[in-house]
Amino acid sequence: MKRKAVVLFLGGEERTVFQPVLGRPLGAYALEAACGLAPDAVLVIAGPDGPGQEAWRTLIEGIGTSTPVFLLPAGKRTGGPRSDLLAALVTARAVLEKYPDCDVIALQADKPLLTGRTLKALLRTHRAKGLSLTFLSGGEGTGLAGVLALRSADVFPLLRSIPAARAKAAFEALALRLTKAGKKIGFTECADGDEVLPVGDGVAAGRAARELRRRKNEALARRGVVFLDPSSAWIDWASRIGPRTVVYPSVVIEGRTRIGADGRIFPHVHIMDSTIGARVKVLTSTVMEDTVIEDGAQVGPFSRLRPKTRVCAGAKVGNFVEMKNTVFGPGSKAQHLSYLGDSTVEDGVNVGAGTITCNYDGTVKSRTHIGAGAFIGSGTELVAPVKIGAGAYVAAGSTITKDVDAGALAIARARQFAKPGWALKRARARKAEGGGGKP
Amino acid sequence: MKRKAVVLFLGGEERTVFQPVLGRPLGAYALEAACGLAPDAVLVIAGPDGPGQEAWRTLIEGIGTSTPVFLLPAGKRTGGPRSDLLAALVTARAVLEKYPDCDVIALQADKPLLTGRTLKALLRTHRAKGLSLTFLSGGEGTGLAGVLALRSADVFPLLRSIPAARAKAAFEALALRLTKAGKKIGFTECADGDEVLPVGDGVAAGRAARELRRRKNEALARRGVVFLDPSSAWIDWASRIGPRTVVYPSVVIEGRTRIGADGRIFPHVHIMDSTIGARVKVLTSTVMEDTVIEDGAQVGPFSRLRPKTRVCAGAKVGNFVEMKNTVFGPGSKAQHLSYLGDSTVEDGVNVGAGTITCNYDGTVKSRTHIGAGAFIGSGTELVAPVKIGAGAYVAAGSTITKDVDAGALAIARARQFAKPGWALKRARARKAEGGGGKP
Amino acid sequence: MKRKAVVLFLGGEERTVFQPVLGRPLGAYALEAACGLAPDAVLVIAGPDGPGQEAWRTLIEGIGTSTPVFLLPAGKRTGGPRSDLLAALVTARAVLEKYPDCDVIALQADKPLLTGRTLKALLRTHRAKGLSLTFLSGGEGTGLAGVLALRSADVFPLLRSIPAARAKAAFEALALRLTKAGKKIGFTECADGDEVLPVGDGVAAGRAARELRRRKNEALARRGVVFLDPSSAWIDWASRIGPRTVVYPSVVIEGRTRIGADGRIFPHVHIMDSTIGARVKVLTSTVMEDTVIEDGAQVGPFSRLRPKTRVCAGAKVGNFVEMKNTVFGPGSKAQHLSYLGDSTVEDGVNVGAGTITCNYDGTVKSRTHIGAGAFIGSGTELVAPVKIGAGAYVAAGSTITKDVDAGALAIARARQFAKPGWALKRARARKAEGGGGKP
């Protein structure tokens, strides 16, 4: 039977660990790699103070792992990652006693590029060679990573013998004593030394984000997403995209966005926390947040879809159109320069250019309802609360303040009249006086 | 006299070859490099099935070469590029008999980074050294590229002697027989091993696109285009830009777009299949498709120009303005929040903010005509079909349903009246009742 | 006492030197590095002709250094950087006589990546080792950089002995004579050979811009700016951003822009020469130029702020809203589809969707004034010059041509009436005739 395996996860500085990278805390990456080992337990040593406990709980839940993860408050920082590790082992010992003679893999939250593959190789080497202490190295010239595996039965009895004053060189001291005791220590190298680079500042975080982004986009490309320019697409770790969907350059997709298959996401689009069906076209420079777009719909360019909007199957939303808290029915169209807020639009409606739902009167917000098949002429204000019946026709340029019956024409505009020659005379007069004046 | 040269172009998998990269099929790149050799013929061995023949014809036409290119249906795939090559030679032999004792250069469509320079070096070495079979190598550690040159008079007689069972090692077998027969075989290396990397999946296609994009942008820079950030400009292979035109970051230019000299293309612009004159400014976040913009015009930011639009010399189109199927005359201006569809605007017209052509009544589309020097006041709907005469003046806030004579003033709006103190009383009442209610 | 140090700055070709990179002339980078040495004087040898003198003066002022910088017109170009250098020394000799026995550091304006650190190392080595002539090398395989330090007391007496015919090899000849005279010459290497690459064309300028951009963004990140994607953010050299402000991908910031702390700049934003306070959110695809945004305000997405606009503290400007030459008061809101030009909006005003200030009547521009706490209903035109009093209420769909008193309701729209069944009958009729017709 294999020995139990326990991961000791050193939380490090909260400022670093909770810094968002591709939409989730930087610390989540190494923790996910740790959980990928399927260990018997992960012990997270949280920072010694701050709002950390709650934030850590959220971070751990975000991973969605079935591995048991325990959160332990750290003792005082004693300086440097390796002395931290010693302190963490002391902190964790009470818990670790439940796992006598187990393998402890220790790693740090500030190493987001560490892969599950590297951790597995570390544990495999550690076990296969019967080692008591196995260091991970970043490769030639980089030194030790602070990541290691140890066999608790061999190492724990020696811990008390390391004097506090030698904390910084604790593992060198341990290695010495293990050697004296006839135990074996060893090393393993990771394929890419960048994996173990700690992220200590914004510059390093930027570089890590770049590598994680590369991994994310390559993973999506392998599942069939077509990137025109993988280097300029920014897609959060939690977002998903279906096969054959084409992603143009400079697209930004954030949060728990879901995009279906066979779609097209044009350049300069920004999507946040939205759910998009199959065969959807999102044209250039469209922005949406907390929006649902059903199969076969088309939005953009320059659409702005605010939270609680649903664009139903086959509908079209066009340029300079804003929607908020609105259901926009199947096959309906709003193609130009409109604002639909707090409204329900049934199916097959044509919303003309320059249509505005006046949903706010300075104090309260009210709803607009447009029935199936209605035609809203251009340049129309719909003063909510108001209902436009099914199949009704609102004439262009009207301000609608009363409900319109199904099948009716509603009109609210002034009659056109002309002053022949007025403009010509005015132009002459202005020319004579050298400009100036007002009609 | 030089021996004839014939290129044998192996089509490979259609899914890969017709994948668009910088706006043209991936297979077009290697084919163009092949045509750059100016060979006596190029034989394209298309895939064994699928809609390939027609698609291949389009691809070949897209190259626009004067080299004779022949399309041959492939036999069955026998597995692997080198056995494919053997099959292709067998397929092509009937045609190749027209070229006795010629040099055959064989290459694969899935190698878009292969340059004409490398192919020329291959042919030059092959001829200069009197070789019968010359392999191209990608350099140390990469092995053979599947690209080679062979002298038909030496190689063809041996082809039949290669047993089908040895197809995968056909060229090793050929090399052996040629050596036995006292012929010379040789190798040549390409300067950059990446040139011969086959593109087999989306990840590789993404990398190839990146390198092709670098080449495209450097070629444009060498001809005088000024890129603020060449790494973020995406320009299709077929697009052209004139000298001294400045391209800002994150610009996407697609299709057969032509842009003149001395222009400025601001950030986040997306241009598709458009023709742009000299000294044109395209301001930030503008989108256009199938549009003509004449010399000295300015569009954007946030303009959206749809197909069949012509912005004439010196005209200005501004923010949140959409045009479709519209001629917008010389020196005319539409600077804010407007929609001009199916319209003709003559020269020197001022289109005020919020002008909308109501070109669709739910059933038919109609045209709007605006004469030279007319002034369209803001917030105006022009209900098509309608004509505004030259020099006419439409008052702000009008809905125009009847033609307006030249030089006339047209007005269609209600008289303003006031209820003094109304808003103040309402505000007090609402405060008293704690909000709520509607005027 | 240290010997005096004088920098000889070779201006080179004006086309190259005045090419803008990150918003300032390429030549300014090397000049700034030279001034960083705190020498006793910098002698700039300007090009022999062209509009250079004035442009050079602007460039020098742009550096803002306290080092005395003198501008000398160059003699004729004699070909090649090293013969130029000889000519420059001859040109500068009259001035340099003021500094007998000084160290002259010579460098070229077309090397924008040269760092102050490298120049300091060059001077330090030159002095510490008692050298008469010290060449800077770009490292193995790159040869000499054209950058050097020389001791005038040793070198100047020999200058006349270099025949004009040997100008191209002048420094080799000098080195030979110095050696014969028992003087020491030496070499020093720069850490990164790219530093001394001259920028001779657009391709090289693009590469230099990339490296300078990396340096700029890393410097900002070190001061606490949070870049989601440092590789896609374009920030001019002269722009500044406060700590903890988050910069999303594909942001372009130009000119002397100042952005405060704790802000958020969303994707695809383009900011030119603007001043932005603390805690400001600039949402996606916003464009602004010569604009002031005060603390805690929010603009975008799709806002377009033109010159002379001030968005006051806590105000909100939303999608498809344009402002020009406008003060927009504290806490006021204009969230949708509006144009405010030449206007003053006091505090706490609500500007409804589709509000347009008609500031231009074809000849003159006039101002709009909106008093504190006013409510402008949607779809309203305000025909300037016009004043809306404090707390007034303008009904939706009105065209306002006369001043509105404080606390009053203003309304200017037609009464709504209906034709029951009209739309239904029309739809049936059209169906019967197979479409066509117009209401």
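As a test of understanding, state the convex hull volume per residue of chain C from its alpha carbons, in Å³.
Spread over its residues, the Cα hull of chain C gives 226 Å³ apiece.
Taking amide H atoms as placed 1.01 Å from N in the peptide plane, list the residues 5 or more away in sequence, or in a different chain, whose amide H sits under 5 Å from that of residue B:227.
The list, which skips near neighbours in sequence, is B:247.
How well do other chains shield peptide C:386-394, expressed as the mean number of their Cβ atoms within 10 Å of each residue Cβ?
Averaged over the peptide's residues, the number is 3.
Residues of the stretch C:5-196: accessible area per residue at 1.4 Å, in Å²? Intermediate values should be presented prior to the final figure.
On the way: 8350 Å² over 192 residues.
Result: 43 Å² per residue.
Using the C-alpha gyration tensor of the stretch A:5-196, what are the square roots of 5 times its eigenvalues, in whole angstrom, with the largest one first?
Taking √(5λ) for each Cα gyration eigenvalue gives 24, 19, 16 Å.
What Kirkwood radius, in Å to one decimal, follows from the Cα pairs of the stretch B:135-275?
So the Kirkwood estimate lands at 18.7 Å.
Rounded to the nearest 10 Å², what accessible area does residue C:216 have for a 1.4 Å probe in the complete protein model?
Taking all protein chains as shown, residue C:216 has close to 20 Å².
Please report, to two decimal places, log10 I(q)/I(0) for the stretch C:283-410 at q = 0.14, 0.16, 0.22 Å⁻¹ as given by the Debye formula with identical point scatterers on the Cα atoms and no solvent.
Log10 I(q)/I(0), no solvent term: -0.51, -0.67, -1.27.
Separation of the stretch C:280-354 and the stretch A:183-213 by C-alpha centroid, Å?
After rounding, the separation between the Cα centres reads 44 Å.
Taking the square root of 5 times each eigenvalue of the Cα gyration tensor, what semi-axes in Å does the equivalent ellipsoid of the stretch A:247-292 have, largest first?
Value: 14, 13, 8 Å, ordered largest first.
Convert each backbone phi in the stretch B:259-270 into a coupling constant with the Karplus relation 6.51 cos²θ - 1.76 cosθ + 1.60 (shift: θ = phi - 60°), then list the ³J(HN,Hα) values in order as whole Hz, x for Gly and Pro.
For the stretch B:259-270, the Karplus curve yields 10, x, 7, 6, x, 9, 10, 6, x, 6, 8, 10 Hz.
What nm value, rounded to one decimal, do you get for the distance between residue A:187 and residue B:53 when each label is placed 7 Å out toward the C-beta?
Rounded to a tenth, the inter-label distance reads 6.5 nm.
Can you find, among A:321, C:280, C:297, the residue farthest towards the positive end of the dipole of the protein assembly as shown? Put +1 on the C-beta of Lys and Arg, -1 on that of Asp and Glu.
Final value for the positive-end residue is A:321.
Enter the mean number of other protein chain beta carbons within 10 Å of the beta carbon of each residue in C:419-431, as an integer.
6
Give me the accessible area buried between chains A and B, both sides summed, with a 1.4 Å probe, in Å² rounded to the nearest 100.
About 4100 Å² of accessible surface is lost on pairing.
In Å and on Cα atoms, what radius of gyration and Dmax does the stretch B:366-406 show?
9.0, 23
Kindly provide the Kirkwood hydrodynamic radius of the stretch B:90-218 in Å, to one decimal, from all pairs of distinct alpha carbon atoms. Kindly include the intermediate steps, with their values, before the conclusion.
Numbers: mean 1/r = 0.0629 Å⁻¹.
Final number for the Kirkwood radius of the stretch B:90-218 is 15.9 Å.
Express in Å², to the nearest 10, the accessible area of residue C:226 obtained by rolling a 1.4 Å probe over the protein heavy atoms while all chains stay in place.
50
State the three equivalent ellipsoid semi-axes of the protein assembly as shown, derived from the C-alpha gyration tensor as the square roots of 5 times its eigenvalues, in descending order and whole Å.
57, 41, 41
If you roll a 1.4 angstrom probe over the protein chains with everything in place, what fraction of the accessible area of chain B belongs to carbon and sulfur, to the nearest %? Working shown, then result.
Details: 9060 of 17210 Å².
Taking all protein chains in place, chain B shows 53 percent carbon and sulfur surface.
Residue by residue through the stretch C:130-135, what is 3J(HN,Hα) from phi via Karplus (6.51 cos²θ - 1.76 cosθ + 1.60, θ = phi - 60°)? Round to whole Hz and write x for glycine and proline.
Coupling constants for the stretch C:130-135: x, 8, 8, 8, 10, 8 Hz.
Across the residues of C:283-290, average count of Cβ atoms on other protein chains within 10 Å?
If you average over the peptide's residues, the count of other-chain Cβ atoms is 6.
Got a sec? What order do B:295, C:154, C:101 fall in by accessible area at 1.4 Å, biggest, i.e. largest, first?
B:295, C:101, C:154
Could you give the DSSP H helices of chain C that reach 27 angstrom or more along their long axis (alpha carbon positions) and whose average Kyte-Doolittle hydropathy is no lower than 1.6?
none
Quickly estimate the mean residue ellipticity at 222 nm for chain B, helices only: each DSSP H run with n ≥ 4 gives -39500 (n - 2.57), and the total goes over all residues, rounded to 500. Let's see the in-between values first.
On the way: 9 runs with 106 residues, N = 439.
Estimated from H runs of four or more residues: -7500 deg cm²/dmol.
Once phi is turned into ³J(HN,Hα) by the Karplus curve 6.51 cos²θ - 1.76 cosθ + 1.60 with θ = phi - 60°, what whole-Hz value does each residue of the stretch C:347-356 show in order, with x for glycine and proline?
Couplings: 7, x, 8, 10, 9, x, 4, x, 8, 10 Hz.
For a Förster distance of 56 Å, can you work out the FRET efficiency between the beta-carbons of residue B:415 and residue B:214, rounded to the nearest 0.05?
About 0.30, to the nearest 0.05.
Can you send over the solvent-accessible area of residue B:56, 1.4 Å probe, protein chains only, in Å² to the nearest 10?
The accessible area comes out at roughly 0 Å².
Between the DSSP loop rule and a limit of at most 14 other Cβ atoms within 10 Å, which trypsin sites (Lys or Arg not before Pro) in the stretch C:1-37 are left? Walk me through the numbers before you get to the answer.
On the way: sites: C:2, C:3, C:4, C:15; in loops: C:2, C:3, C:4.
Sparse-neighbourhood loop trypsin sites (Lys or Arg not before Pro): C:2.
Nearest 5 percent is fine: what portion of the DSSP beta bridges confined to the stretch C:101-191 is antiparallel?
Details: 8 of 13 bridges.
Here the antiparallel bridges make up roughly 60 percent for the stretch C:101-191.
Starting from the residue with the highest accessible area, list C:187, C:171, A:70 in decreasing order, probe 1.4 Å.
The residues order as C:187, A:70, C:171, largest area first.
I'd like to check one number: the per residue accessible area of the stretch A:283-410, probe 1.4 Å, reported in Å² as a whole number. Intermediate values should be presented prior to the final figure.
Values: 3320 Å² over 128 residues.
Normalised by residue count, the accessible surface of the stretch A:283-410 is 26 Å².
Once you put a point 7 Å from the Cα of residue B:403 and another 7 Å from the Cα of residue A:90, both along the Cβ direction, what distance in nm separates them?
9.7
Just to verify a number: FRET efficiency for residue A:367 and residue C:363, C-beta to C-beta distance, R0 = 45 Å, to 0.05?
Plugging the Cβ-Cβ distance into 1/(1 + (r/R0)^6) gives 0.55.
Pull up all non-local amide H partners of residue A:310: gap of 5 or more, or a different chain, and H-to-H distance under 5 Å with H placed in the peptide plane.
It is A:292, A:326, A:327, A:328, by chain and number.
Report D for the stretch A:190-337 in µm² per second (integer): Stokes-Einstein, Kirkwood Rh on Cα pairs, 37 °C, 0.692 mPa s.
Using the Kirkwood radius from Cα pairs, D works out to 209 µm²/s.
Mind listing, in residue-number order, the residues in the stretch B:188-210 that have at least 40 Å² less accessible area with every protein chain present than in their own chain alone (1.4 Å probe)?
Output list: B:203, B:210.
Restricting the count to DSSP beta bridges whose residues both fall in the protein assembly as shown, what percent are antiparallel, rounded to a multiple of 5? Don't skip to the answer; put the middle values down first.
On the way: 42 of 297 bridges.
Antiparallel bridges: around 15 percent, rounded to the nearest 5.
Sorted by accessible area (1.4 Å probe), largest first, how do B:250, B:231, A:66 line up?
Descending accessible area places them as A:66, B:231, B:250.
The values are calculated or read from the model by the stated rules, or taken from the named source; none is laboratory data. Source: prediction; values computed, not measured. As a convention, Cβ positions derive from the backbone with ideal geometry for all residues, glycine included, and neighbour counts pool all protein chains shown. Surface accessibility is based on the protein's heavy atoms, side chains included, excluding ligands, DNA and RNA. Shrake-Rupley method; radii C 1.70, N 1.55, O 1.52, S 1.80 Å.
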